[in-house]
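**Student:** I'd like to ask some things about the structure below.
The values are calculated or read from the model by the stated rules, or taken from the named source; none is laboratory data. Bear in mind the structure is a predicted one, so any value in this text is a computation, not a measurement. Every residue, glycine among them, receives a Cβ derived from its backbone with ideal geometry; neighbour counts consider all protein chains shown.
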There are 6 protein chains.
Amino acid sequence: MSSTLNDFNEYRSRMNDRIMDADNLVLKRLFNLDANTYAEGALPVKTKEMLGLVASMVLRCDDCVKYHLIKCHENGVTKSEVFEIFAVANIVGGTIVIPHLRRAVEFWEQLET
Amino acid sequence: MSSTLNDFNEYRSRMNDRIMDADNLVLKRLFNLDANTYAEGALPVKTKEMLGLVASMVLRCDDCVKYHLIKCHENGVTKSEVFEIFAVANIVGGTIVIPHLRRAVEFWEQLET
Amino acid sequence: MSSTLNDFNEYRSRMNDRIMDADNLVLKRLFNLDANTYAEGALPVKTKEMLGLVASMVLRCDDCVKYHLIKCHENGVTKSEVFEIFAVANIVGGTIVIPHLRRAVEFWEQLET
Amino acid sequence: MSSTLNDFNEYRSRMNDRIMDADNLVLKRLFNLDANTYAEGALPVKTKEMLGLVASMVLRCDDCVKYHLIKCHENGVTKSEVFEIFAVANIVGGTIVIPHLRRAVEFWEQLET
Amino acid sequence: MSSTLNDFNEYRSRMNDRIMDADNLVLKRLFNLDANTYAEGALPVKTKEMLGLVASMVLRCDDCVKYHLIKCHENGVTKSEVFEIFAVANIVGGTIVIPHLRRAVEFWEQLET
Amino acid sequence: MSSTLNDFNEYRSRMNDRIMDADNLVLKRLFNLDANTYAEGALPVKTKEMLGLVASMVLRCDDCVKYHLIKCHENGVTKSEVFEIFAVANIVGGTIVIPHLRRAVEFWEQLET
């Protein structure tokens, strides 16, 4: 079962702080670069977040999927659109993606309510 | 620690319903195709379920492993046989499969009792 | 080094025919379903092909990357856009994606000429 | 395109000798253990080789696929059976497995002639 | 959130016993070989445990990461060193490694207290 | 069969130039960050290159393996040491790593001559 939205955000934010505190320059710059990757460019933010979502899903990273679902929802991705992203991920990545799909659908429903 | 058999089945079934409700044609057809893949053919169901189990295990998908363990158990795979499947998975996939082996063994013991 | 566009298309098409000839129903339906996944829907074809490209790249499947590069090029994805897709793939998937990036850039240049 | 059967066997055998020459005890024992994994046990050799094939295919290891195709062919796996194994691999592992399927089918045809 | 050190050790040890009880020769020998892999050799134990840690992290195996963190800590790896290992893992493996980094940092802090 | 050292270096360097020419800021910064990751720090360069090698090998990236083999060789890693790194990679990652081991051994022999 999926963790709740609040638990997810709280743990993510708390541990990111702990990582920044360790003051490893490579990790700090990677976190910064990660944020820049999804900034407006030749492609709009919404498209980039959809790319981040499908990439996270085929790589079967539940926490990454949750993060990009939050961002997709904020950027106006609709339910029909998000299910088409899920469809691409499950066809490309196969049925081993289905357990991650279940958790993603559960999390998306939290975001919609 | 592994979730229990009932929790596993309940969550799986509930979320599959939610996915079907979304009415995405590609996902619906993939779910249908998935079921057909393990139907009797040139190879018997038991063999196909063993193939599904080893594939799930090397890909390190705990929920997929549990599903195929249930099916293997239903189709008469014995404990000695299931451990030989585990052995193939751990040799092909390496020691990173061992944590999944632990959870699989725990789940198999639930199925046997 | 990347195979040329013609070699890629010829081998892909020839072997797909051999696979269809074997008349395995599951594989036939999967190929058909794969084609439907990228059809116009809530998301336009161009977006879906970009999703297919980034998914293929993080999963490090050179042939899949080439296929979606062809489709992206046909659907008007620009060089700046394709490099932003590459950027997402390399940040999400890490520096092990870079060798695939090199081959993708080489193939993209063939498509542009 | 797939390398030929002879090239495959020659390179594999030559490099295995080079690895054994290095006299690393862990690698030597792993090679030995690998051979034992597919020996007759609760499951027959044919079944174990089919398990090795599907595991290799979902992990997208072309050389491992070729090795187990040789062994499956030697142990009497038929064309219909091998395509059912391919079907399981492509459904579980998704369309990124298709390029490996193409090379596997080409190699299987070499084995049949 | 990360399981605690005691829970981790207790479950690992209990399930390893269950696996050994099943008396599958291949699995028994793999467990034995695994232990030998990290023994003093041309490389010191500390270096080998660092290698095991980075390999576990890029393969995104939380339980394997925890095991090697315990061993690294026992062998005198410092906080600065462990963060440099984390940095290599996150650059090579990309941002999908970050959720595993969060859990690793949380577990490391348990080891330090 | 492994490409030769010269071919490897020439292609890598030529395509890196093509990537830099595209002027995508995220990719440029990732390439720069990648270089910094292996700089002297709490851990010496030699250790970091060994970490990069084992990470590349378990992720089965032949080009990444070759790059780190060159760097390991430059930094004085001996044949016995490199085979112990190979041993960790093959135990953690399983027998699907063996084809990559064969190509790595072939490339290492080029470096030694």
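**Student:** Go through the stretch C:6-15 residue by residue and tally those that are at the interface with another protein chain (Cβ under 7 Å from one of its Cβ atoms) and over 14 Å from D:Glu106 (Cβ atoms).
**Tutor:** 0
**Student:** Which residues, counting only those in the stretch B:55-94, are under 10 Å from the mean Cα position of the chain (by Cα) and among the aromatic types (Phe, Trp, Tyr)? Write out each step before concluding.
**Tutor:** Step one: of the stretch B:55-94, the residues under 10 Å from the mean Cα position of the chain (by Cα) are B:55-57, B:61-72.
If the condition is that a residue be under 10 Å from the mean Cα position of the chain (by Cα) and among the aromatic types (Phe, Trp, Tyr), then B:Tyr67 is the only one that fits.
**Student:** Checking A:Leu43 against (1) over 19 Å from E:Val88 (Cα atoms); (2) touching a helix residue (DSSP H, G or I) at 6+ places or on another chain (Cβ under 6 Å); (3) not in a loop (DSSP other than H, G, I, E, B): exactly one of these is not met. Which one?
**Tutor:** Of (1) over 19 Å from E:Val88 (Cα atoms); (2) touching a helix residue (DSSP H, G or I) at 6+ places or on another chain (Cβ under 6 Å); (3) not in a loop (DSSP other than H, G, I, E, B), only one is false for A:Leu43: (3).
**Student:** Any idea which residue in the stretch E:63-97 is nearest to F:Asp34 (Cα to Cα), counting only those that are within 8 Å of another protein chain (Cβ to nearest Cβ) and among the β-branched types (Val, Ile, Thr)? Working first, answer last.
**Tutor:** Residues of the stretch E:63-97 within 8 Å of another protein chain (Cβ to nearest Cβ): E:63-64, E:78-81, E:83-97.
Remaining after also requiring among the β-branched types (Val, Ile, Thr): E:78, E:85, E:88, E:91-92, E:95-97.
Numbers: E:Thr78: 23, E:Ile85: 13, E:Val88: 9, E:Ile91: 7, E:Val92: 8, E:Thr95: 13, E:Ile96: 16, E:Val97: 15 Å.
Going through the qualifying residues, I end up with E:Ile91.
**Student:** To continue, here is another question. Please verify whether the stretch F:75-98 includes one or more residues that are basic (Lys, Arg), modelled with pLDDT of 95 or more, buried (at least 21 other Cβ atoms within 10 Å of the Cβ) and over 28 Å from E:Leu27 (Cα atoms). Can you show your working first?
**Tutor:** From the stretch F:75-98, those basic (Lys, Arg) are F:79; that's our starting set.
The next check asks that each one be modelled with pLDDT of 95 or more; those that pass are F:79.
Next, from what is left, pick out any that are buried (at least 21 other Cβ atoms within 10 Å of the Cβ): none.
Checking the stretch F:75-98: not a single residue is basic (Lys, Arg), modelled with pLDDT of 95 or more, buried (at least 21 other Cβ atoms within 10 Å of the Cβ) and over 28 Å from E:Leu27 (Cα atoms).
**Student:** Taking A:Glu49, is it in contact with a Cys (Cβ under 6 Å, 6 or more places away or on another chain), of a type in the set (D, E, K, R) and within 21 Å of C:Ser56 (Cβ to Cβ)? Reasoning before the result, please.
**Tutor:** On the way: in contact with a Cys (Cβ under 6 Å, 6 or more places away or on another chain): yes; of a type in the set (D, E, K, R): yes; within 21 Å of C:Ser56 (Cβ to Cβ): yes.
So A:Glu49 passes the test.
**Student:** Can you name the residue in the stretch B:6-57 that is in contact with a His (Cβ under 6 Å, 6 or more places away or on another chain) and free of Cβ contacts under 8 Å to residues at least 24 places away in the same chain and is also nearest to B:Asn75 (Cα to Cα) among such residues?
**Tutor:** B:Gly52
**Student:** Only one of these is at the interface with another protein chain (Cβ under 7 Å from one of its Cβ atoms), closer than 30 Å to E:Cys64 by Cα and at pLDDT 95 or above: F:Arg60, F:Arg29, F:Arg18, F:Arg102. Name it.
**Tutor:** On the way: F:Arg60 fails: at the interface with another protein chain (Cβ under 7 Å from one of its Cβ atoms); F:Arg29 fails: closer than 30 Å to E:Cys64 by Cα; F:Arg18 fails: closer than 30 Å to E:Cys64 by Cα.
Just a single option satisfies the conditions, and that option is F:Arg102.
**Student:** Among the residues of the stretch D:50-86, what is the count of those that are of a type in the set (A, V, I, L, M) and closer than 21 Å to C:Ala55 by Cα? Walk me through it before giving the result.
**Tutor:** Of the stretch D:50-86, the ones of a type in the set (A, V, I, L, M) are D:50-51, D:53-55, D:57-59, D:65, D:69-70, D:77, D:82, D:85.
Adding the requirement that they be closer than 21 Å to C:Ala55 by Cα leaves D:57-59.
The number of residues fulfilling the criteria is 3.
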